[in-house]
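**Student:** Supplied in structure tokens, the structure appears directly below.
Laboratory data are not the source of any read-out in this text; all were calculated from the coordinates shown. The structure presented is a predicted model; accordingly, all values stated were derived computationally and were not measured. Note: ideal-geometry Cβ built from the backbone for every residue, glycine included; neighbour counts use all protein chains shown.
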Amino acid sequence: MILLKNKKIIFCIIIIILDQLVKFLINSNISLEKEIFVIPNFFYLTNLLNTGGAFSIFEGNSILLGIIGIVFLLILVKYLNNKKLKPLEKMSYGILIGGIISNLIDRIYLNGVRDYIGLKFGNYYYPVFNLADIGIVISI
């Protein structure tokens, strides 16, 4: 089966499914903007809708950010088409594309991205993020 031979597609699908599943569970079990500390004063789960980009830049411009994401995704897929990649590159690009698609799904259906992972350092709250964001950062 060609789908199973393409490691980019496998990793892409894994990231999309995991991120969307966690987003569904978070949205079903945690009220909007509520914080539940898993590790006191450090790691918490929350339920936020980010209408901006990373670190909430361009907040309120979810449609524009969605269009930019789609254009970038199309350029990336065209670039990768028929390109010979090493196994680690296939995995990395699959994770990157999966993260982009999962966040685009949110932008299309929610007009923003569901974020749920929070970190606190003393009085500083690091911007909340999600599994798709982790995939994008790690893959890059």
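**Student:** Over the chain, with a Gaussian network built from C-alpha contacts below 10 Å, which listed residue (Asn47, Asn111, Asn123) shows the highest mean-square fluctuation?
**Tutor:** Asn123
**Student:** Comparing Gly53, Gly112, Gly66, which has the greatest mean-square fluctuation in the GNM of the chain with Cα pairs linked when under 10 Å apart?
**Tutor:** Gly53
**Student:** Next question. Mind jotting down a quarter of the surface of the convex hull over the alpha carbons of segment 4-83, in square nanometres, one decimal?
**Tutor:** Mean projected area for segment 4-83: 7.7 nm², to one decimal.
**Student:** Given +1 on the Cβ of Lys and Arg, -1 on the Cβ of Asp and Glu, and no further charges, what dipole in debye does the chain carry about its Cα centre, rounded to the nearest 20?
**Tutor:** That gives a dipole near 780 debye.
**Student:** Work out the charge dipole of the chain with +1 on the Cβ of Lys and Arg and -1 on the Cβ of Asp and Glu about the Cα centre, then indicate which of Leu80, Ser92, Leu32 is farthest towards its positive end.
**Tutor:** Leu80
**Student:** Further, regarding this structure: Which is the longest run of the chain containing none of the trypsin sites (Lys or Arg not before Pro) found in DSSP loop states (not H, G, I, E, B) with at most 11 other C-beta atoms within 10 Å?
**Tutor:** 1-82
**Student:** Something else now. Glu59's amide H: which non-local residues (gap 5+, or another chain) put their own amide H closer than 5 Å, with H modeled 1.01 Å from N in plane and none for Pro or chain starts?
**Tutor:** Residues meeting the amide H criterion: Gly53.
**Student:** Taking the Cα-to-Cβ direction at Phe43 and at Ile108 and moving 7 Å from each Cα, how far apart do the two end points lie in nm?
**Tutor:** The two pseudo-label positions are separated by 3.2 nm.
**Student:** With the chain treated as a Gaussian network of Cα nodes joined by springs under 10 Å, which of Val71, Val128, Val113 yields the largest mean-square fluctuation?
**Tutor:** Ranking Val71, Val128, Val113 by mean-square fluctuation puts Val71 first.
**Student:** Which of rounded, prolate or oblate describes segment 14-140 when judged by the alpha-carbon gyration tensor and an a/c cut-off of 1.5?
**Tutor:** prolate
**Student:** Under 5 Å between amide H atoms, partner at least 5 residues away or on a different chain: which partners does Val113 have, H built in plane at 1.01 Å?
**Tutor:** Asn50, Thr51, Gly52
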